[in-house]
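*Asks:* Got a structure for you, written out below as structure tokens; questions coming shortly.
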Amino acid sequence: MKPGQWSSWLSRARLSPERRRLLAGPTAVVGLSVVAFSVLLWASGAPAQTQAASAPPAVDIAVGEALYNAHCESCHGAGGVGGVAPQLVQVGAAAADFYLSTGRMPLDSVHDQPTPHTPYFSKAQIADIVAYINALGVEHGTPGPGIPSVTPACAEATAGCPTLSQGQQLYLMNCAQCHDASGSGGELSHGYVVPSLRSATPTQVAEAARVGPRPMPSFGPGQLSNEQLSAIADYVHYLSTTPDPGGLGIAHFGPVPEGFVGVIFGLGVLLVAARLIGNRG
Amino acid sequence: MSTLAERAAARKRAERSQSALDWLDDRLGSSKWLRSAMDKIFPDHWSFMVGEIAMYSFVILVATGIYLTFFYNASGAEVVYHGPYRPLDGQKMTIAYESVINLSFSVRAGLIMRQAHHWAALIFIAAIVFHMGRIFFTGAFRRPREVNWVIGTTLLLTAMLEGFSGYSLPDDLLSGGGLRILYSIVQSVPIVGTWLAADLWGGNTFPGNGDFFPRLFVLHEFVLPLTLAGLLGAHLAVLWRQKHTDFPGPGKTEHNIVGSRLWPQYFVKTNALLLFVAGVVFGLGGLVQINPVWVYGPYEAARASSGTQPDWYIGWLDGALRLWPHWEFRSFGHEIPNPFFPGILIPGILFAVIYAWPWLDKRIYRDYGEHNLLDRPRDKPLRTALGVAALAFFVDLTLASATDLIGNALGVPFETLIELMQYGTFVAPIVAGVVAFRVCVRLQRGQVHPIQRPVGGIMVRDARGGYHTVGAAHDGHEASAEEHGLEPAGAGPPAGASEAH
Amino acid sequence: MSEELPFPRVVTGTHGPEEGAGAGTPWPGDVPPEQDDTWYPLRDDPWRARRVELFIALLWGVTAACGTGLMAVYWMGGQAQLEGALLFCGFSALGAGLVIWARRLVPGQEVVGSRGEHTSAPEDRSGVVGSLSRGTDAMLSRRGFLVKRVLVPVGGVFGIAALWPLASLGSRPDRALFHTKWYPGARLVTEDGRAVHVDDIVVGGELTVFPEGFIEDPMSAAVVINIGRDKLQAHTVNGYNQAGFEVVSGGNGIVAFSKICTHAGCPVSLFNVLAMQLICPCHQSTFDILQDCAPVFGPASRPLPQLPLGVRPDGYLIATRDFVEPVGPGFWDRGSEP
């Protein structure tokens, strides 16, 4: 589109074509920039992830078992004893809930790397399956980690109740090296993608730490207490739900997107401006 | 056209100006210089204004920077933060970091000033690089302008240092990581490296003894800006003395200069550019977040964040560190550590070549003469190809500093990317150079050179029915400005100029 | 906006060889009296000029409104996004007005001037050498002894003396690069001061630790990893094990390495449990834990030094001594450890 068209609306009614051309240049700089800024604004879309803390409906292990047999058994084996996929009798409720509620399971093929999706099952169905898998663990006497309870951090540091700031410190020491200080993820060796945490719920964050969905390491209660884990989850929640004080977060990947915006957009707009001010020769 | 009142007002204004300028001239003898300054001609091709974008970014950097110094506190001493940003409340940090957090959250308009300063820095160096590319590809560095090429290259280096030092001042996790790497690079210098690092940081091991931040601050807000200002002054003085280059074109020769006068035309235009630069910088400063130091947290040696990148203009150095193979030289109890080669040797060689380019260019083209008219890039295919190859090399290195992010975005292992980019340091320049060369040659063949192209030629049918061209000149050197169609059709020419007087 | 502006060009100046056009004033850029210097594109169209003027006034009115808005925003406590938007609009509108003004209403035509000579006349060139020789002859030819034999060495000595204060910038390099704060019996403690028990870390878990009493010491940071008993014993069989550096307890197999990358000193902390690799976030040096953290990818060329571990009777993990080699990136004298 020629720059002149940007401002044609301004002058369509009363001004002659020549007049339009006359005002087009500078107006185009302003207009183009406003449009570009608006696009940036629109594209940002602050992630609004809120944790629905509604009480879970009554679970039905029988329904869970039926769902398990229909969707999981082919790989994980009857009764969770394992098959082409790992056994599930010892993984515990946290693992089951994490993999199902983030949509990582069920997989189409055992060869795929589980990646986050829209959950396949409804919340109630997930609760049923989780209850069933938990029951399997109890039955074998080796239940894995249960779903960690996540409570908001306290305003004042008290014994057993860490603050948001402790959450940040723990996050930066234990999680940021892979998930980035801003929670936007990264990459491990051999092409394993580190997922973004910015759309995860606090419960999922805590579950992942306890479970250690490989290649991610696990964090047992001896490494991070329940309170500390809760503080981390709360901080991640804070990170991803609080609007960025500085404006658009541009993917929260630090200097690389910043450089891109500065060089391509910043200098780009100014080059257009220079072109309109100077002669084209 | 002008009313009697207007004329009277103009006369009165002129009288007042006369007395003011006389006052000045009585003391400084300034009128001659002032007159030539106001009448100075600036060619106004848009690409000549990119250097001005850099200059105006610098102006904004100085202005916002001075504001920031009123709030920044360069101290490595530890404090506990208590303030409005909850996730940091109660954390131990250096006073330097605390002052940046306070600047961002507790000082009204502090955040936008900080962010605008940072955006201006990115745009500043981007404009310098673009400007330098324009100079290179059009051969504007040729005699007599070698001096300004050298000053300009020094400006770029100083600007990069200035940018990096500013990026490091907040003492957050990201910048601390950058300083840690810099310490390792300095330490890697053979023989004197350990001493150098210890002297800069005031300690034998990173992060030194706390003397570093005051030193860095003095470098960032005094030594380097003063160097920049001095070099910029010299750059402009040389430009002023030598006058601007221009593209060849109708009426343009090696001995004349075509453009608008500084006063009032160019003055108004260039100020408009200053305002646009300010608009973009402050617009970005308020609307797009940059360097959220509160997210990175205070620096601590044992912590890391995965997306650890420098600002874009240091990216090529970081990329070089990533791409350089795992070589280290050890013998007789001594070693030359790995970071020395990509961190000091390679950049040193690259900048030596850039500095020497005007003289290398003379040798390549056996052209030692003076040039005020520019080359079109296509007319010097070899130079253009070499420049494009160098750009491809730098782009490859810069991309290499983002291997983890690119890998994450594309789902490609960073191992693959790094290997590809290692080959890329050889392949990309060669491919880009060859392509550029061929494009130049094709453009040359496909189009007539503007100097040789008939300019302003008009076909006229004469009374006998024959056709001939009027006003066609085949060489800019032969054509004086009047011969060319200087009054494009339809324009209101100042033909009535003489009538007006 | 691609068409050229109807600026006529004025030819000025007389001393350039190419400007053959008659007499004129000697000012480059000066306009000969027969040409008009007050012409501007809209001069002959007052109605259009008026309209453009009004449009510019409108743009600058926007600037004024933005300025008022800025004051209001500041008064109400400041808000970066509003400030940014207002500053952007204010500056841009002001600039846009100026551009329209310059291109339409400011008088001035494209001017041709002479470049003149930027070099000096030949007599000045030879004269400057003469002036220079006046001094250099006196100083170098007749008093060459003083300058060459005395002044230069004296200046050298004095100059070097003036450099000495630079040494005050830092302490003399000592052995700080060779040792860390780890000592025999030092418990492994986390950043928040908790001592690490041998059963604290689950298999496939990592933890960043410091020597007790030296929390957050930058050179001493270590990462302790539970690779599991089976993996530990398998890799012992492979012969990579540095004896006594590892701890087995129950199902756990615990190892500890320096967290400081041997390439450029970043904290090596990304842990790929499936590949049993530690990765540096800065330049992606990759270390294979099962080969005692030997570098397997990236620019690092030395393994991460391993911390010899032990267990106290009460189950707390301790270091049995310091790292066996200097940690972190290389330096000139690194091999000179006695």
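The values are calculated or read from the model by the stated rules, or taken from the named source; none is laboratory data. If you're wondering where the values come from, they're calculated on a predicted model, not measured in any experiment. Note that we place each Cβ from the backbone using ideal geometry, even for glycine, and neighbour counts take in every protein chain shown. The area values use the complete protein model at the heavy-atom level, side chains included, leaving out ligands, DNA and RNA. Shrake-Rupley method; radii C 1.70, N 1.55, O 1.52, S 1.80 Å.
*Asks:* Quick test of your reading of the structure: C:F214 fulfils all but one of (1) modelled with pLDDT of 90 or more; (2) assigned to a strand (DSSP E or B). Name the failing condition by number.
*Replies:* All conditions pass for C:F214, except number (2).
*Asks:* With respect to A:S225, is the statement that it is of a type in the set (G, A, S) and surrounded by fewer than 22 Cβ atoms within 10 Å (Cβ to Cβ) true?
*Replies:* In short, yes.
*Asks:* Search region A:205-234 for residues that are facing chain C (nearest Cβ under 9 Å) and pair each with any residue that is aromatic (F, W, Y) and outside any loop (DSSP other than H, G, I, E, B) when their beta-carbon atoms are under 6 Å apart and the residues are at least 6 apart or on different chains.
*Replies:* Between residues of region A:205-234 that are facing chain C (nearest Cβ under 9 Å) and residues that are aromatic (F, W, Y) and outside any loop (DSSP other than H, G, I, E, B), the close pairs are A:P217/C:F271.
*Asks:* So which residues in region B:197-224 are surrounded by fewer than 19 Cβ atoms within 10 Å (Cβ to Cβ) and out of contact with any Ser or Thr (no Cβ under 9 Å at 6 or more places or on another chain), if there are any at all?
*Replies:* Matches in region B:197-224: B:D211, B:R215, B:V218, B:F222, B:V223.
*Asks:* Pick out, from region B:223-339, the helices (runs of 4 or more DSSP H) lying fully within it that include 3 or more residues that are more than 7 Å from chain C (Cβ to nearest Cβ) and over 30 Å from B:R86 (Cβ atoms).
*Replies:* Result: B:224-242, B:267-287, B:315-323.
*Asks:* Same structure, new question: Would you point out which residue out of B:S30, B:S47, B:S57 is free of Cβ contacts under 8 Å to residues at least 24 places away in the same chain and not charged (D, E, K, R)?
*Replies:* It is B:S30.
*Asks:* Output yes when any residue across region C:240-251 is open to solvent by less than 60 Å² (accessible area, probe 1.4 Å), at positive phi, assigned by TED's automatic domain parsing to the domain that holds C:L278 and not acidic (D, E), and no when none is. Spell out the reasoning first.
*Replies:* Residues of region C:240-251 that are open to solvent by less than 60 Å² (accessible area, probe 1.4 Å), as a first pass: C:241, C:244-247, C:249-251.
Filter once more, keeping what is at positive phi: C:244, C:250.
Still in the running and assigned by TED's automatic domain parsing to the domain that holds C:L278: C:244, C:250.
Checking the rest, the ones that are also not acidic (D, E) come to C:244, C:250.
Yes, that holds for at least one residue.
*Asks:* Looking at B:A116, B:A63, B:A121, can you tell me which residue is at pLDDT 95 or above, in the same structural domain as B:W294 (by TED's automatic domain parsing) and in contact with a Phe, Trp or Tyr (Cβ under 7 Å, 6 or more places away or on another chain)?
*Replies:* B:A116
*Asks:* Of the conditions (1) open to solvent by 60 Å² or more (accessible area, probe 1.4 Å); (2) within 14 Å of another protein chain (Cβ to nearest Cβ); (3) of a type outside the set (D, E), B:F394 satisfies every one except a single condition; which number is it?
*Replies:* (1)
*Asks:* Taking strands (runs of 3 or more DSSP E) that do not extend beyond region C:285-331, which have at least 3 residues that are within 14 Å of chain B (Cβ to nearest Cβ) and under 23 Å from B:F414 (Cβ atoms)? Explain how you work it out, then say what you get.
*Replies:* Working: elements: C:286-288, C:294-297, C:309-311, C:317-319.
Per the criteria, C:286-288, C:294-297.
*Asks:* It is to be established whether one or more residues within region B:430-445 are within 14 Å of chain A (Cβ to nearest Cβ) and either open to solvent by less than 30 Å² (accessible area, probe 1.4 Å) or at pLDDT 95 or above (or both).
*Replies:* no
*Asks:* Are any residues in region B:37-94 touching a strand residue (DSSP E or B) at 6+ places or on another chain (Cβ under 9 Å), within 14 Å of chain A (Cβ to nearest Cβ) and in a helix (DSSP H, G or I), and if so, which ones?
*Replies:* B:W46, B:F48, B:R86, B:P87, B:L88
*Asks:* In addition: Could you check, for region A:104-121, whether at least one of its residues is on the phi > 0 side of the Ramachandran plot, of a type outside the set (A, V, I, L, M) and at pLDDT 85 or above?
*Replies:* Within region A:104-121, not a single residue is on the phi > 0 side of the Ramachandran plot, of a type outside the set (A, V, I, L, M) and at pLDDT 85 or above.
*Asks:* With respect to C:Q233, determine if the residue is crowded, with 18+ Cβ neighbours inside 10 Å, free of Cβ contacts under 8 Å to residues at least 60 places away in the same chain and among the polar types (S, T, N, Q).
*Replies:* In short, no.
*Asks:* In the list B:D361, B:D396, B:D404, which residue meets the criterion of being among the acidic types (D, E), closer than 21 Å to B:A428 by Cβ and modelled with pLDDT of 95 or more?
*Replies:* Selected residue: B:D396, the only one of B:D361, B:D396, B:D404 that is among the acidic types (D, E), closer than 21 Å to B:A428 by Cβ and modelled with pLDDT of 95 or more.
Residues checked against (1) among the hydroxyl-bearing types (S, T, Y); (2) assigned by TED's automatic domain parsing to the domain that holds C:Q233; (3) open to solvent by less than 10 Å² (accessible area, probe 1.4 Å):
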position	(1), (2), (3)
C:C280	no, yes, yes
C:T286	yes, yes, yes
C:L290	no, yes, no
C:V296	no, yes, no
C:A300	no, yes, yes
C:L309	no, yes, yes
C:I318	no, yes, no
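*Asks:* Are there any pairs with C-beta distances below 7 angstrom linking a residue in region C:258-273 that is among the charged types (D, E, K, R) to a residue that is in a loop (DSSP other than H, G, I, E, B), with the two at least 6 apart or on different chains, and if so which?
*Replies:* C:K259/B:A302; C:K259/C:A221; C:K259/C:V268; C:K259/C:S269
*Asks:* Within region B:186-196, which residues are open to solvent by 60 Å² or more (accessible area, probe 1.4 Å) and either of a type in the set (A, V, I, L, M) or more than 8 Å from chain C (Cβ to nearest Cβ) (or both)? It would help to see each step written out before you state the result.
*Replies:* If we filter region B:186-196 for residues that are open to solvent by 60 Å² or more (accessible area, probe 1.4 Å), which is where we start, we get B:191-192, B:195-196.
Answer for region B:186-196, where residues must be open to solvent by 60 Å² or more (accessible area, probe 1.4 Å) and either of a type in the set (A, V, I, L, M) or more than 8 Å from chain C (Cβ to nearest Cβ) (or both): B:I191, B:V192, B:L196.
*Asks:* To continue, here is another question. Would you say B:L156 is open to solvent by less than 20 Å² (accessible area, probe 1.4 Å) and either touching a residue at least 40 places away in the same chain (Cβ under 8 Å) or more than 7 Å from chain C (Cβ to nearest Cβ) (or both)?
*Replies:* yes
*Asks:* Would you pick out the residues in region C:111-121 that are open to solvent by 40 Å² or more (accessible area, probe 1.4 Å) and either touching a residue at least 24 places away in the same chain (Cβ under 8 Å) or not charged (D, E, K, R) (or both)? Show your work before the answer.
*Replies:* Looking only at region C:111-121, we keep the residues that are open to solvent by 40 Å² or more (accessible area, probe 1.4 Å), and these are C:117-120.
Once the filter is applied, which keeps residues that are open to solvent by 40 Å² or more (accessible area, probe 1.4 Å) and either touching a residue at least 24 places away in the same chain (Cβ under 8 Å) or not charged (D, E, K, R) (or both), region C:111-121 yields C:H118, C:T119, C:S120.
*Asks:* When you look at A:A209, is it buried (at least 24 other Cβ atoms within 10 Å of the Cβ) and either among the small types (G, A, S) or in the same structural domain as A:L100 (by TED's automatic domain parsing) (or both), yes or no?
*Replies:* Taking the combined requirement at face value, the residue satisfies it.
*Asks:* Report whether or not C:L98 is open to solvent by 30 Å² or more (accessible area, probe 1.4 Å) and assigned by TED's automatic domain parsing to the domain that holds C:D37.
*Replies:* no
*Asks:* Report, by residue number, each residue of region B:166-211 that is closer than 16 Å to B:S75 by Cβ and part of a helix (DSSP H, G or I).
*Replies:* If the condition is that a residue be closer than 16 Å to B:S75 by Cβ and part of a helix (DSSP H, G or I), then B:S168, B:S175, B:G176, B:L179, B:W201 are the ones that fit.
*Asks:* A follow-up question, please. Regarding A:T158, is this residue within 14 Å of chain B (Cβ to nearest Cβ) and either more than 30 Å from B:W294 (Cα to Cα) or polar (S, T, N, Q) (or both)?
*Replies:* yes
*Asks:* Determine which single condition C:A195 fails, assuming it passes every other condition in (1) within 13 Å of chain A (Cβ to nearest Cβ); (2) more than 27 Å from B:I418 (Cβ to Cβ); (3) of a type in the set (A, V, I, L, M, F, W, C); (4) in contact with a Gly (Cβ under 7 Å, 6 or more places away or on another chain).
*Replies:* (4)
Residue-wise test of (1) assigned to a loop (DSSP other than H, G, I, E, B); (2) open to solvent by less than 20 Å² (accessible area, probe 1.4 Å).
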| residue | (1), (2) |
| --- | --- |
| A:P143 | yes, no |
| A:I147 | yes, no |
| A:P152 | yes, no |
| A:E156 | yes, no |
| A:S165 | no, yes |
| A:Y171 | no, yes |
| A:S184 | yes, yes |
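*Asks:* Between B:R114, B:R108, B:R143, which is open to solvent by 20 Å² or more (accessible area, probe 1.4 Å), more than 30 Å from B:R366 (Cα to Cα), assigned to a loop (DSSP other than H, G, I, E, B) and basic (K, R)?
*Replies:* Answer to the check: B:R108.
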